[in-house]
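Below you'll find the structure, written out as structure tokens, and then a few comments.
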Amino acid sequence: MTKRIYVGNLPYSATEEEVRDLFSQHGEIISVAMITDRETGRFRGFCFVEMEDDAADAAIEALNDQEMGGRSLRVNEARPREDRGGQGGYRDRGNRW
């Protein structure tokens, strides 16, 4: 089985290669997803790393609160994304004119 790891509070200058180098010390990496802003394309300071269960647990234990680029990393098992509802919009809230 694999685990998806949330990696937060990354420096905005962090690259996928740097993340891979950091996590590969704890096992094989299946994937890295660097999250960017939809409008600007800029890195948002967090990513998701997928690894085998044992390697993921080791990486979480070793890397949580480790410093990178002057920032203390937040590393934990990713939680499923919450449903934020529809596309939102004033009319979707059931308001009547």
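The values are calculated or read from the model by the stated rules, or taken from the named source; none is laboratory data. None of these values were measured; they are calculated from a predicted model. Glycine also receives a Cβ, built like all others from the backbone with ideal geometry; neighbour counts cover every protein chain displayed. Surface areas here come from the heavy atoms of the whole protein model, side chains and all, with no ligands, DNA or RNA. Shrake-Rupley method; radii C 1.70, N 1.55, O 1.52, S 1.80 Å.
Of note:
- The distance between label points at residue 48 and residue 74 comes to 1.6 nm (points 7 Å beyond Cα on the Cα→Cβ vector).
- Candidates 62, 23, 10 compared by Cα position along the dipole of the stretch 2-77: farthest toward the positive end lies 10, with charges placed on Cβ.
- Measuring gaps between exposed loop sites in the chain (GluC sites (Glu not before Pro); DSSP loop; at most 11 other Cβ atoms within 10 Å), the longest gap, sites not included, is 40-81.
- Sequence-separation-based contact order of the stretch 2-77, relative, with Cα cut under 8 Å and 6+ spacing, percent: 45
- Entry comment: accessible area of the stretch 2-77 is 60 Å² per residue, from protein heavy atoms only and a probe of 1.4 Å.
- Exposed trypsin sites (Lys or Arg not before Pro) absent - longest run of the chain, DSSP non-H/G/I/E/B, at most 11 other C-beta within 10 Å: 43-80
- Taking N as its residue count, the alpha carbon Rg of the chain over 2.2 N^0.38 Å: 1.34
- For the pair residue 6 and residue 18 in one chain, pulling the backbone fully straight at 0.36 nm per residue adds 2.8 nm over the alpha carbon distance.
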